[in-house]
Amino acid sequence: MTLETIESELRALFGQSQQGDQQAYKKLLERMAALVRAYLRRRLTGQDADVEDLVQEVLLAVHTKRHTYDPNQPIT
């Protein structure tokens, strides 16, 4: 999957979730978690607990600041 495809998918899910679609929001968070987890695992080898803590921190930040999302900026 290309970065452009991922970006397009995340933007669509984010837009739907901002309109109240809870299933889209769930998918968005699941997709973001998978991407962040993969990114961190490549950098923090053998530190699975730290990876999961950081994934949760990122998701919490996204949830807390989701109202500030600017669709003109990339999510990735």
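Quick notes on this structure:
- Test: residue in segment 58-65 that is assigned to a helix (DSSP H, G or I) and more than 11 Å from the chain's Cα centre (by Cα): yes
- Segment 8-49, subset of a type in the set (Asp, Glu) and at pLDDT 95 or above, residue surrounded by the fewest Cβ atoms within 10 Å (Cβ to Cβ): Glu30
The values are calculated or read from the model by the stated rules, or taken from the named source; none is laboratory data. Computed from a prediction, not measured in an experiment: that's the story for all the values here. Every residue, glycine among them, receives a Cβ derived from its backbone with ideal geometry; neighbour counts consider all protein chains shown.
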